[in-house]
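In what follows, a single structure is set out as structure tokens and then discussed.
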Amino acid sequence: MLCTQGRCWVWLLLWLFSCGCGGKYDLNRVEGTVTLTDGTPGGPMLQMSFECDDPPLSAKAMTDASGHYGLGTLKKGDGAPAGHYRVGIVEGVVLDPRAEKPPHIHPKYARFETSGLEFTVEKGRNTFDIQLDPP
């Protein structure tokens with residue numbers, strides 16, 4: 001018998017985890033590359049935020065050295081639910097405050113309202129390559 005010696009709770013937990021009840025959203029892969037208008041990579045550590053009104057949530061990504069990113073909602077790179085997103089991008093934090101580096105991207109990208117970046121995530125795999133203006 002399955003529920004002998006008080007082990008029913010173990011089977012219940014195994015069943016709950018196997019049915020995918022931990023996730024609330026149906027996530028879709030979202031990735032791409034960020035470049036500048038001259039074709040060079042946007043740079044490492046560009047912090048990207050995708051904001052959706054329906055469902056109301058935010059997904060995040062950070063670019064690598066080649067400008068590639070993979071969007072994540074619940075964890076790094078797990079994707080995003082289908083929907084229409086506004087995008088904001090800021091440059092990463094400088095670890096050495098003495099190392100002053102000029103900005104690589106225009107400050108308009110820091111705000112959803114001024115970035116001009118909007119994308120619609122659809123079911124399945126999505127690729128959004130983004131080209132940014134310099135400052």
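The values are calculated or read from the model by the stated rules, or taken from the named source; none is laboratory data. Quick caveat, the model's predicted, so the values are computed rather than measured. Here the Cβ positions follow ideal geometry from the backbone for every residue, glycine too, while neighbour counts run over all protein chains shown.
Show the residue pairs that are 6+ apart or on different chains and have beta-carbon atoms under 6 Å apart, the first residue being within the stretch 113-132 and touching a residue at least 12 places away in the same chain (Cβ under 8 Å), the second being assigned to a strand (DSSP E or B) and aromatic (Phe, Trp, Tyr). The qualifying pairs are Phe119/Tyr85; Phe128/Phe119. Put simply, of Thr40, Thr35 the only residue that is modelled with pLDDT under 95 and within 19 Å of Pro107 (Cβ to Cβ) is Thr40.
Scanning the stretch 55-90 for residues that are among the β-branched types (Val, Ile, Thr) and within 17 Å of Pro41 (Cα to Cα) turns up Thr63, Ile89, Val90. So which residues in the stretch 24-77 are small (Gly, Ala, Ser), outside any strand (DSSP E or B) and either at positive phi or in contact with a strand residue (DSSP E or B) (Cβ under 6 Å, 6 or more places away or on another chain) (or both), if there are any at all? If the condition is that a residue be small (Gly, Ala, Ser), outside any strand (DSSP E or B) and either at positive phi or in contact with a strand residue (DSSP E or B) (Cβ under 6 Å, 6 or more places away or on another chain) (or both), then Gly39, Gly42, Gly43, Ser66, Gly67, Gly77 are the ones that fit. Please find, within the stretch 63-73, the residue that is surrounded by the most Cβ atoms within 10 Å (Cβ to Cβ) out of those that are more than 8 Å from the chain's Cα centre (by Cα) and of a type in the set (S, T, N, Q). Only one residue fits best here, namely Thr63.
Close contacts from the stretch 51-67, counting a first residue that is in contact (Cβ under 8 Å) with a residue 40 or more places away in the chain and a second that is loosely packed, with under 15 Cβ neighbours inside 10 Å and not in a strand (DSSP E or B), with Cβ to Cβ under 9 Å and a gap of 6+ residues or different chains, come to none at all.
Every condition in (1) over 11 Å from Phe50 (Cβ atoms); (2) at pLDDT 95 or above holds for Glu91 except the one numbered (2).
Listed here are the residues, each with its yes/no results for (1) under 16 Å from Arg29 (Cα atoms); (2) surrounded by 15 or more Cβ atoms within 10 Å (Cβ to Cβ).
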{"site": "Asp53", "(1), (2)": "no, no"}
{"site": "Ala61", "(1), (2)": "yes, yes"}
{"site": "Lys75", "(1), (2)": "yes, no"}
{"site": "Arg98", "(1), (2)": "no, no"}
{"site": "Tyr109", "(1), (2)": "no, yes"}
{"site": "Glu118", "(1), (2)": "no, no"}
{"site": "Asp133", "(1), (2)": "no, no"}
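Each residue in the stretch 95-130 was checked for being over 24 Å from Asp53 (Cα atoms) and not small (Gly, Ala, Ser), and 11 pass. With respect to His84, is the statement that it is part of a loop (DSSP other than H, G, I, E, B), surrounded by fewer than 17 Cβ atoms within 10 Å (Cβ to Cβ) and either in contact with a strand residue (DSSP E or B) (Cβ under 7 Å, 6 or more places away or on another chain) or acidic (Asp, Glu) (or both) true? No: the conditions fail for His84. Look at His104 and say whether it is touching a residue at least 24 places away in the same chain (Cβ under 8 Å), part of a strand (DSSP E or B), surrounded by 12 or more Cβ atoms within 10 Å (Cβ to Cβ) and not hydroxyl-bearing (Ser, Thr, Tyr). Taking the combined requirement at face value, the residue does not satisfy it.
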